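**Q** Below is one structure. I have some questions about it.
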Amino acid sequence: MENNKPSEHDITEVVAQQSAANPSENGIMMVINHSKVDPPFSVLWSTVLYCAEFICASMLISRYHESEDVVWMGLTITFMLVPSVLTQLTLTFVHRDLGRDRPLVLFMHLLQMGPIIRCIEALVVYCQAGKKEEPYVTISRKIKLKHGKGLGPAFECEIGHSERKLAVHRNAFKRTAVIQAFLGSTPQLTLQLYATVQEKYVLSTRLALMIISMISIVYGALVCSVLAIQIKYDDYKVRMKPAAYLCMILWRGLEIATRITTLVLFSSALRVWVILVGLTNLFFFFFQPWVEFWARKASLPDNIENNFSKLGTTVVLCMVTFLYACINIFCWSAVQLDLADHDLVEKQPRWRRLAIYYTVRFIENVTLIVLWYYFKTDFYVYVCTPLLVVQLIVCYSLAVLFMLLFHQFCHPCRRLFHYNVEDCLRCACCWRKKQSELPADHADGPQEHAPPDLTNHLTDRETDILDDNMEAA
């Protein structure tokens, strides 16, 4: 006997078509789909990076112990255990396991194997999702972008228990990926590269650890960039294309590799001065959010955690600002802190900060490279140092170029910008042309010229978007 019962996928399509044919007054389309749950690839990838870096660091520590390199061994242990402990605390805090009866999970965290058990939990939830009907927990409303240009009607999707649990796992591992990258992998990579320069030879285990650490740092930077986009465009269904990820990897990889190489080379020639450079950067980025917080005379957010006192909230904010400072020492954090906000993140980041950051960082890198060139040791006699200087400057310039290309061509919400890179360059050229014509215009007397309006030429673009909204409604 033939089964005529419609499948869940068919029900989803029927509901979507009916909602499209009879939209509500505010143009919202209801989509019900309990079976489509994305695999937790980010959780699995973060766990693989964590385990690979931990194992390689342990093997390198054993090698240092055999050769009696006490200094390198102690620093390697520190940069391995400190981020590992912070990772366990973060996972425990996000999942709120301290008040629950889960002795096995807590024991795994004590053994520094928390990411492994969490990854297994996420995989089990994903495998069991869709096997039975689940009541929805909440409803998510998003606006779908049409080819990054127009806007369609808003979609409301029911989120079930399985999808909610996977979202908690993904958010937790995003935090741990950033912590592992900039509190563990970044100092670890800097240390091992400095040890390679000082000892004048490369160990295979050390090389493997440096490669894994570099991958972890780039992934952590990608997480920061994607998080910044999702926070700013929270009302939209944002999907990153492969070209965008490729551009971001080249941008972040060149930026971080150039920065770390510059600091290592500078420290090999001026060891004491690199401490001053590092502390200056750390203190500046650490106190910057606090100075802005005090200048606005704002108050601490009360609802970060219900069980936290004022002292506990202050400690958490200090840890967040410390992580923020460590990120900005090596690359652009993409996320700007707002300590007065509940989410601790500025919803409307200022592009001027991005321009100032990369301008100052480029000048600082060039200065450090030039100082290393004049105070370098005899070890670099067999290295073409002028070519190395040029390569580092060109690589950082390429990183800035890929950053501009990403925002101009690959950003998923670039059509929603008030102005983009091309608009800024065009207006800058027009402004220079007007400035060159000022002496002829001032022959009869001085006149005031208003600065160019960056948004005038985008009237048609914004009108098109509004038209699409009206059509969708």
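**Q** If I filter the range 287-321 down to residues being of a type in the set (A, V, I, L, M), in contact with a helix residue (DSSP H, G or I) (Cβ under 9 Å, 6 or more places away or on another chain) and at pLDDT 80 or above, which single residue comes out as nearest to ALA340 (Cα to Cα)?
**A** Per the criteria, the residue is LEU317.
**Q** Please go through the range 343-366 and give me each residue that is open to solvent by 70 Å² or more (accessible area, probe 1.4 Å) and assigned to a helix (DSSP H, G or I), ordered by number.
**A** Passing the criteria: TRP351, ARG352, ILE356, THR359, VAL360, PHE362, ILE363.
**Q** Looking only at the range 72-95, count how many residues are surrounded by fewer than 18 Cβ atoms within 10 Å (Cβ to Cβ), in contact (Cβ under 8 Å) with a residue 60 or more places away in the chain and either under 11 Å from THR176 (Cα atoms) or touching a His at 6+ places or on another chain (Cβ under 6 Å) (or both).
**A** Selection size over the range 72-95: 1.
**Q** Let me ask another. Can you name the number of the only condition in (1) closer than 21 Å to LYS237 by Cα; (2) modelled with pLDDT of 50 or more that SER24 fails?
**A** Tallying (1) closer than 21 Å to LYS237 by Cα; (2) modelled with pLDDT of 50 or more, SER24 fails exactly one: (2).
**Q** Pull out all pairs, ordered by first then second residue, where Cβ-Cβ is under 8 Å, the residues are six or more apart or on different chains, the first lies in the range 259-284 and is under 14 Å from LYS376 (Cβ atoms), and the second is surrounded by fewer than 17 Cβ atoms within 10 Å (Cβ to Cβ) and of a type in the set (S, T, N, Q).
**A** Correct list of pairs: SER268/GLN198; SER268/THR377; ALA269/THR377.
**Q** Scan the range 68-85 residue by residue and report those that are among the aliphatic types (A, V, I, L, M) and farther than 14 Å from GLN188 by Cβ.
**A** VAL70, VAL71, VAL85
**Q** Consider the range 246-281. How many of its residues are hydroxyl-bearing (Ser, Thr, Tyr), farther than 19 Å from SER333 by Cβ and open to solvent by 30 Å² or more (accessible area, probe 1.4 Å)? Before you say what the answer is, go through the steps one by one.
**A** Quick first cut of the range 246-281, residues hydroxyl-bearing (Ser, Thr, Tyr) only: 258, 261-262, 267-268, 280.
The next check asks that each one be farther than 19 Å from SER333 by Cβ; those that pass are 261, 267-268.
Still in the list and also open to solvent by 30 Å² or more (accessible area, probe 1.4 Å): 261.
The number of residues fulfilling the criteria is 1.
**Q** Inside the range 82-109, can you point out the residues that are under 19 Å from PRO40 (Cβ atoms) and part of a loop (DSSP other than H, G, I, E, B)?
**A** Correct list: ASP97 only.
**Q** Would it be correct to say that LEU401 is at pLDDT 90 or above and over 20 Å from LEU263 (Cα atoms)? Explain how you work it out, then say what you get.
**A** Numbers: at pLDDT 90 or above: yes; over 20 Å from LEU263 (Cα atoms): yes.
In short, yes.
**Q** Scanning the range 212-240 for residues that are among the hydroxyl-bearing types (Ser, Thr, Tyr) and in a helix (DSSP H, G or I), which turns out most open to solvent (accessible area, probe 1.4 Å)?
**A** TYR219
**Q** Filter the range 191-206 for residues that are of a type in the set (A, V, I, L, M) and not in a helix (DSSP H, G or I); which is most open to solvent (accessible area, probe 1.4 Å)?
**A** Ranking the qualifying residues of the range 191-206, first place goes to VAL202.
**Q** Answer yes if at least one residue in the range 335-342 is at positive phi, surrounded by 13 or more Cβ atoms within 10 Å (Cβ to Cβ) and either modelled with pLDDT under 95 or not hydroxyl-bearing (Ser, Thr, Tyr) (or both), and no otherwise.
**A** The answer is no, given that none of the residues of the range 335-342 is at positive phi, surrounded by 13 or more Cβ atoms within 10 Å (Cβ to Cβ) and either modelled with pLDDT under 95 or not hydroxyl-bearing (Ser, Thr, Tyr) (or both).
**Q** Does the range 371-387 hold any residues that are part of a helix (DSSP H, G or I), touching a residue at least 24 places away in the same chain (Cβ under 8 Å) and open to solvent by 40 Å² or more (accessible area, probe 1.4 Å), and which are they?
**A** Just the residues of the range 371-387 that are part of a helix (DSSP H, G or I), to begin with: 371-375, 378-382, 385-387.
Then keep just the ones that are touching a residue at least 24 places away in the same chain (Cβ under 8 Å); that gives 371-372, 375, 379.
Hits for the range 371-387 are LEU371, PHE375, PHE379.
Quick grid of which residues meet (1) of a type in the set (Val, Ile, Thr); (2) modelled with pLDDT of 70 or more; (3) open to solvent by less than 50 Å² (accessible area, probe 1.4 Å):
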| residue | (1), (2), (3) |
| --- | --- |
| ASP97 | no, yes, yes |
| PHE107 | no, yes, no |
| TYR126 | no, yes, no |
| GLU133 | no, no, no |
| SER162 | no, yes, yes |
| PHE182 | no, yes, yes |
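**Q** Looking at (1) open to solvent by less than 50 Å² (accessible area, probe 1.4 Å); (2) assigned to a helix (DSSP H, G or I); (3) over 22 Å from CYS51 (Cβ atoms), which is the one condition that is false for LEU209?
**A** (3) is the only condition that LEU209 fails.
**Q** Something else: Which of the numbered conditions does GLN112 fail, given that it passes all the others? Conditions: (1) modelled with pLDDT of 85 or more; (2) open to solvent by less than 80 Å² (accessible area, probe 1.4 Å); (3) of a type outside the set (Lys, Arg); (4) in a helix (DSSP H, G or I).
**A** Status for GLN112: all satisfied but (4).
**Q** May I ask you to say which residue of ALA243, ALA298, ALA325 is open to solvent by 30 Å² or more (accessible area, probe 1.4 Å), more than 23 Å from LYS376 (Cβ to Cβ), aliphatic (A, V, I, L, M) and part of a helix (DSSP H, G or I)?
**A** ALA243
**Q** Something else: Could you grab me the full set of residues in the range 181-239 that are more than 30 Å from GLN348 (Cα to Cα) and of a type in the set (Phe, Trp, Tyr)?
**A** TYR194, TYR201
**Q** Please specify each residue of the range 185-237 satisfying the condition of being of a type in the set (Gly, Ala, Ser) and more than 23 Å from the chain's Cα centre (by Cα). Before you say what the answer is, go through the steps one by one.
**A** To start, the set of residues in the range 185-237 that are of a type in the set (Gly, Ala, Ser) comprises 185, 195, 204, 208, 213, 216, 220-221, 225, 228.
ALA195, SER204, ALA208 - these are the residues of the range 185-237 that are of a type in the set (Gly, Ala, Ser) and more than 23 Å from the chain's Cα centre (by Cα).
The values are calculated or read from the model by the stated rules, or taken from the named source; none is laboratory data. Keep in mind the model is a prediction, meaning the values are calculated, not measured. Because the Cβ atoms are built from the backbone with ideal geometry, glycine has one as well, and the counts that use them run over all protein chains shown. Areas reflect the complete protein model, heavy atoms only, side chains present, ligands, DNA and RNA absent. Shrake-Rupley method; radii C 1.70, N 1.55, O 1.52, S 1.80 Å.
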